[in-house]
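Written below as structure tokens is the structure these notes are about.
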Amino acid sequence: MPISLYNSLSRRTEPFTPLDPQRVTVYLCGPTVYNYVHIGNARGPVVFDVLVRLLRRHYPRVVYARNITDVDDKINAAAQAQGVAIDLITGRFAQAYREDMAGLGIAVPDIEPHATAHIAPIVAMIETLIAGGHAYAAEGHVLFDVGSYPAYGALSGRDTEELIAGARVEVAPYKKNPADFVLWKPSTPELPGWHSPWGIGRPGWHIECSAMSAAHLGETIDIHAGGVDLLFPHHENEIAQSTCAHGGKAFARWWMHNGMLTFDGRKMSKSLGNVLLVHELLQQHPPEALRLRLLSGHYRQPLDWSDGAIAQAVSTLDGWYRVLRDLADVELPAGTLPVPETVEAALCDDLNTPQALAELSQLADQARLEGNARAKAALLGGGALLGLLQQEPEAWFRRGENTVDAARVEDLLLQRRSARAARDFARADAIRDELTALGIVIEDGAQGTRWSVLQR
RNA sequence: GGCCAGGUGGCAGAGUGGUCAUGCAGCGGCCUGCAAAGCCGCGUACGCCGGUUCGAUUCCGACCUUGGCCUCCA
């Protein structure tokens, strides 16, 4: 089944064809590690995790890189504010990031390059740009010369003159052109710095991604992904740097951008202060519900975050896991799980995850109705492609069980069973009320009574 | 001001020139000691105004409106 993906560069959905089907390359702009990430930051990683899962089904080898930016002025500021070493900050939050992403069911990328481990290729790339007349040194800085690259602005649909006219920032006096951006900047002794032909300094943000992408994936990659807020200037600058440093070779063949997560109707961002940290949400809600919510809208659309939306996701998962729990004794066929065509077709259509989830609901209905191994495997296989439904149903229903005295629950259920057998329904209902007070929900079924921990 | 996306039933959210999204919630019925779950059934949704068309939520134009980018940002 062919994959079609919307390409921000051409502004249309195109059949996806990798440069080398034996090695499909994907790069996602990762976090700057100076704090915990918020749930908006997790949308791209979740969405493109699904993309990579899909690609892996179609191609024997997919190399997926998601970087860690561990040199940045915000990191420096955080370290100074907290009075600790910079690498303490970056180490701590890079680890927190990995944990948060794992919590959301995101597979570990093949490569997780760190900017500070790529200073040599960054410097080399800057030297190449200077040699090619695309960059210049000025007052300890090295700047990219936007005027040297006529195609600048192709991705974001802007032209250089427009950028100058619309510039809202103060222009540094050493810039030839107001749109020129920093490749390298000087460091003072208390700031992180590396030796370079332009003195001790540190790289600018944009050049890191260009250099790391080239170092691990090659000069031309298949897909470069990130949030739409990075489209300009970050991705525009990456294109300029990489194209100019690689003799005009295309940098990324597909550019994919996920829409913003909104909260209170506005983009969730640290500068607006309306953020919800993944770290905390993972404590407050079933992680899988967070993932489901992030996949419940099309990745290019804005998605609003709210408690109600999370509650809906929890209810949906309740229904699906209920089906799987009822089929707990149905043996799966041997081998890998089949992926239902309907789910795959939805994802092949520019990663239409809402459609894929609708199909998953159909599969759940079928599994409930048919109750056989084939239907169960289809539901699980469809879920697997989306990174959902992979835990034991009992684990889903009894999450948070450590706060519950399971032995006491079982004891009460036994008492209730006796009461019901004696047709003492008043007593039985009293016991159920007692269980409800303990946060336990019960269901009488043909096979006996089940219990679940009440939804958080 | 420039560039770019949206406005779909109570909520979430796809999609399409002409019988159906889907989910959550709700309502009625069946089932159940009662619940829950399940099953059956139920909702005159597509911002506004024009245009094209036999027919538009879907195409075109204007308008209103929300948001994103133009500055660090996923």
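The values are calculated or read from the model by the stated rules, or taken from the named source; none is laboratory data. Owing to the predicted nature of the structure, the values given are computational and were not obtained by experimental measurement. In this analysis, Cβ positions are derived from the backbone assuming ideal geometry, glycine residues included, and neighbour counts consider all displayed protein chains. These accessible areas exclude ligands, DNA and RNA; they are computed on the full protein's heavy atoms, side chains included. Shrake-Rupley method; radii C 1.70, N 1.55, O 1.52, S 1.80 Å.
Assorted remarks:
- Matching residues in segment A:105-145 - criterion: being open to solvent by 30 Å² or more (accessible area, probe 1.4 Å), under 26 Å from A:PRO178 (Cβ atoms) and hydrophobic (A, V, I, L, M, F, W, C): A:ILE130, A:ALA131, A:ALA137
- Checking the stated criteria, A:HIS257 turns out to be assigned by TED's automatic domain parsing to the domain that holds A:TYR152 and either crowded, with 19+ Cβ neighbours inside 10 Å or under 30 Å from A:ARG398 (Cβ atoms) (or both).
- Some residue of segment A:82-89 being within 30 Å of A:LYS267 (Cβ to Cβ) and within 16 Å of RNA strand B (Cβ to nearest atom): yes
- Listing of strands (runs of 3 or more DSSP E) fully contained in segment A:204-303 that carry 1 or more residues being more than 26 Å from A:SER4 (Cα to Cα): A:261-263
- Pairing residues of segment A:35-56 that are under 20 Å from A:PRO2 (Cβ atoms) and open to solvent by 10 Å² or more (accessible area, probe 1.4 Å) with residues that are modelled with pLDDT of 95 or more and in a strand (DSSP E or B), at Cβ distances under 8 Å and at least 6 apart in sequence or on separate chains, gives A:ARG56/A:VAL62.
- When A:GLY193 is tested against (1) without any contact (Cβ under 8 Å) to a residue 12 or more places away in the chain; (2) farther than 30 Å from A:LEU5 by Cα; (3) surrounded by fewer than 16 Cβ atoms within 10 Å (Cβ to Cβ); (4) in the same structural domain as A:VAL63 (by TED's automatic domain parsing), exactly one condition is not met: (3).
- Some residue of segment A:293-307 being under 20 Å from A:ALA364 (Cα atoms), within 7 Å of RNA strand B (Cβ to nearest atom) and either open to solvent by less than 40 Å² (accessible area, probe 1.4 Å) or under 19 Å from the mean Cα position of the chain (by Cα) (or both): yes
- Residue within segment A:87-102 that is open to solvent by less than 60 Å² (accessible area, probe 1.4 Å), farther than 30 Å from A:THR188 by Cβ, in contact (Cβ under 8 Å) with a residue 60 or more places away in the chain and out of contact with any Pro (no Cβ under 6 Å at 6 or more places or on another chain) present: yes
- Some residue of segment A:367-374 being near RNA strand B (Cβ under 10 Å from one of its atoms), farther than 30 Å from A:ARG43 by Cα and not aromatic (Phe, Trp, Tyr): yes
- For segment A:325-353, filtered to residues that are among the aliphatic types (A, V, I, L, M) and in contact with a Gly (Cβ under 9 Å, 6 or more places away or on another chain), the residue that is surrounded by the most Cβ atoms within 10 Å (Cβ to Cβ) is A:VAL343.
- Residue under evaluation A:ASP229, criteria (1) surrounded by 22 or more Cβ atoms within 10 Å (Cβ to Cβ); (2) near RNA strand B (Cβ under 10 Å from one of its atoms), criterion not met: (1)
- Just so you know, in segment A:1-58 the residues that are within 12 Å of RNA strand B (Cβ to nearest atom) and polar (S, T, N, Q) include one that is nearest to the chain's Cα centre (by Cα), and it is A:ASN41.
- Residue in segment A:204-217 that is crowded, with 18+ Cβ neighbours inside 10 Å and touching a Lys or Arg at 6+ places or on another chain (Cβ under 7 Å) present: yes
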